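Worksheet: one structure, shown below.
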Amino acid sequence: MAYLGAAYLWVKAAHVIFVIFLMAGLFMMPRFFVYHQESAPGSDEDRKWIDREKRLLKIILNPSLVLTWIFGLMLMVEIGAWSFGWFHLKLLFVLGLSAYHGWIAGYAKKLAKGQRTLTDRQLRLFNEVPGIAAAVIVIAVIVKPF
Ligand code: HEM
């Protein structure tokens with residue numbers, strides 16, 4: 001349903017801008033977690049990381065996720081993306097990224113309570129997830145292989 005007219009490219013630009021902010025936040029947070037876990041629970045350093053993580057979520061990650069979804073869904077309706085195979089692949093990985101976002105928010109809460117359930121190695125390994133997902137998503141939406 002082409003309803004955006006000349007605004008289509010503006011909406012697409014806005015979509016990609018918020019995708020960049022979202023990805024930046026998703027790459028930063030597990031790094032924050034690794035540094036955070038080096039501080040002693042209850043220390044000044046611990047409190048500083050709790051505050052930084054809260055702010056990254058509130059100011060960058062959460063608004064970017066919402067706006068990426070809103071602009072992405074507007075584009076979906078505009079080009080009737082639902083009928084394309086590449087879009088289903090993209091959506092699968094976007095849902096995965098959104099779940100990863102949820103996990104990040106959950107782990108930040110755990111750290112704020114003094115719980116450190118993952119090792120640095122596990123956190124560094126998790127940090128590969130958004131990179132791989134972003135690569136698949138960009139290939140799906142640009143190459144449109146099917
Ligand atoms: C949140 C749900 C999302 C939805 C519903 C969505 C949907 C869409 C749609 C329908 C388009 C238009 C494609 C076209 O005009 O040919 C688009 C463009 C794009 N999306 Fe998304 N998207 C989402 C999230 C993401 C994410 C997380 C990324 C990257 C990690 C991403 C990267 C891109 C890029 C780079 C383009 C521009 C492609 C071009 O130049 O044509 N999107 N998106």
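The values are calculated or read from the model by the stated rules, or taken from the named source; none is laboratory data. Quick caveat, the model's predicted, so the values are computed rather than measured. Note that we place each Cβ from the backbone using ideal geometry, even for glycine, and neighbour counts take in every protein chain shown. What goes into the accessible areas is simple: the full protein's heavy atoms, side chains included, and nothing from ligands, DNA or RNA. Shrake-Rupley method; radii C 1.70, N 1.55, O 1.52, S 1.80 Å.
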*Which of (1) at pLDDT 95 or above; (2) in contact with a helix residue (DSSP H, G or I) (Cβ under 7 Å, 6 or more places away or on another chain); (3) farther than 19 Å from residue 105 by Cα is the odd one out, the single condition residue 16 does not satisfy?*
(2)
*Specify the residue that is most open to solvent (accessible area, probe 1.4 Å); the eligible residues are those in region 120-146 that are over 18 Å from the mean Cα position of the chain (by Cα) and under 27 Å from residue 58 (Cβ atoms).*
122
*Among the residues of region 28-43, write down those that are over 14 Å from residue 122 (Cα atoms), free of Cβ contacts under 8 Å to residues at least 24 places away in the same chain and either assigned to a helix (DSSP H, G or I) or touching a helix residue (DSSP H, G or I) at 6+ places or on another chain (Cβ under 7 Å) (or both).*
39, 40
*All but one of (1) among the hydrophobic types (A, V, I, L, M, F, W, C); (2) surrounded by 17 or more Cβ atoms within 10 Å (Cβ to Cβ); (3) within 14 Å of the ligand (Cβ to nearest atom) hold for residue 32, so report the exception by its number.*
(3)
*Is it the case that region 35-43 has a residue that's aliphatic (A, V, I, L, M) and open to solvent by 50 Å² or more (accessible area, probe 1.4 Å)?*
yes
*asked:* Any residue that is surrounded by 14 or more Cβ atoms within 10 Å (Cβ to Cβ), outside any helix (DSSP H, G or I) and without any contact (Cβ under 8 Å) to a residue 60 or more places away in the chain - is there at least one of those in region 12-24?
replied: no
*How many of the residues in region 98-136 are part of a helix (DSSP H, G or I) and β-branched (Val, Ile, Thr)?*
4
*Quick one: how many residues across region 68-88 are open to solvent by 50 Å² or more (accessible area, probe 1.4 Å), assigned to a helix (DSSP H, G or I) and either more than 12 Å from the ligand (Cβ to nearest atom) or out of contact with any Leu (no Cβ under 8 Å at 6 or more places or on another chain) (or both)?*
8
*Got at least one residue in region 55-63 being closer than 27 Å to residue 140 by Cβ, within 12 Å of the ligand (Cβ to nearest atom), touching a helix residue (DSSP H, G or I) at 6+ places or on another chain (Cβ under 9 Å) and of a type in the set (Val, Ile, Thr)?*
no
*Taking into account only those residues within region 89-119 that are closer than 24 Å to residue 39 by Cα and among the β-branched types (Val, Ile, Thr), which is surrounded by the most Cβ atoms within 10 Å (Cβ to Cβ)?*
104
